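This report concerns only the one structure given below.
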Amino acid sequence: MLMGLYLFTIAIQDLRYREMYHQYSHEWTSSLGCTLVGVVAMTSTELHNSSQTNEIMSENDRNQEPEPESPPQSGTNALIAHITRNKVDFALWGTRLATIFFTFNYLFPIFGYGQAMYWKALQANAATSALRLHQRLPRVQLSREFLGQLFVEDSAHYLMYSLVFLYCSPITWVLLPIFLFAILHISSNTLEMINLLGPNSMKLLRIGIGIVEVQSANLLRTIAYAEIFLFPLLIITLFSGRATLMTIFVYYRFLTLRYSSRRNPYTRNAFYELRVGVEGLSQRPNIPEGIRRAITTAVGFISRLAPPTVQHSAQ
């Protein structure tokens, strides 16, 4: 999956610089994007080698007599052993932490130029989505069935989200969903790691994680509303030149995928809540008839744009 992302990015840059590469070769090779693409390619190679090594070791372990289990450990050694066993999960923890750091630094530029932090936050989220896709779909296949499975995954939705906004002018609202998702997911991973250090370690951090877990449903609802209200914001920014028609078209496709998500119903529920609220508002007796008809027409038009949904079993 990571190698597929690498080849996809190279293909995009090929279309962008075709027949002009000699003019932009130094700009591209010295850019952060080129560096990240190289990191993705190297990570893909290392993960492939690591998986082959693990298969060989697992085969050797099956041929040996089982050893008695050692009692559970705690402390720094246990944490290091956990990270060694779960390299991809730790890489996800790192990319999510980078998303949080770059987003915060974009809003409050302390450690670097704010606009550069915007692109880095999107790139970190793209890396998170690519790694998560690698976990969910480790074997890439050039088939229609695989593409169908790919676009069912929520991580594929946000990989597309990150890539489309990498080529637009900065819009602060874009960072809100990926920032909140990073906080949600990094909390559980961090709690698992600090538990290995001891039951009483980092109490303040545990309190913060507890608050995030208690508010997880509200955070997911906030993300869903942020996804929805970003669409009219993009239409407004189209007239100022900060977004393009292609951006709006791809983002509409992103919203339909989020609406049909089998693992996260919050976007679908948010659309329903908005529809009920607006229809209830239009039925108030003090609303003029012309406005009532306009609201009914708009609700009907948006409802027709919604894709059909299929009930999926939780996986």
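Read-outs throughout are calculated quantities, based only on the coordinates presented, and are distinct from any laboratory measurement. Just so it is clear, the model here is predicted, and its values are computed rather than measured. Note that we place each Cβ from the backbone using ideal geometry, even for glycine, and neighbour counts take in every protein chain shown.
Do the conditions hold for TYR118, that is, is it over 17 Å from the mean Cα position of the chain (by Cα), within 18 Å of THR172 (Cα to Cα) and not polar (S, T, N, Q)? Please lay out each step first, then the result.
Details: over 17 Å from the mean Cα position of the chain (by Cα): no; within 18 Å of THR172 (Cα to Cα): yes; not polar (S, T, N, Q): yes.
So TYR118 fails the test.
Being within 19 Å of TYR251 (Cα to Cα) and outside any helix (DSSP H, G or I) is a description that applies to VAL152. In segment 193-210, the residues that are in contact (Cβ under 8 Å) with a residue 60 or more places away in the chain reach residues that are among the aromatic types (Phe, Trp, Tyr) with C-beta atoms within less than 8 angstrom, at least six apart or across chains, in these pairs: MET193/TRP93. One residue stands out among those in segment 177-201 that are under 24 Å from the mean Cα position of the chain (by Cα) and of a type in the set (S, T, N, Q): the one that is farthest from SER155 (Cα to Cα), which is THR190.
The residues of segment 136-176 that are under 16 Å from THR103 (Cα atoms), more than 11 Å from the chain's Cα centre (by Cα) and among the small types (Gly, Ala, Ser) amount to a single one, SER169.
Per the listing VAL174, VAL164, VAL140, VAL152, the residue uniquely among the β-branched types (Val, Ile, Thr) and in contact with a Gly (Cβ under 7 Å, 6 or more places away or on another chain) is VAL140.
Taking the listed residues ASN269, ASN264, the one that is more than 22 Å from GLY148 (Cα to Cα) and within 22 Å of the chain's Cα centre (by Cα) is ASN269, with no other qualifying. Of the helices (runs of 4 or more DSSP H) that lie entirely inside segment 243-315, those containing 2 or more residues that are touching a helix residue (DSSP H, G or I) at 6+ places or on another chain (Cβ under 7 Å), surrounded by 15 or more Cβ atoms within 10 Å (Cβ to Cβ) and touching a residue at least 40 places away in the same chain (Cβ under 8 Å) span 245-259, 266-282.
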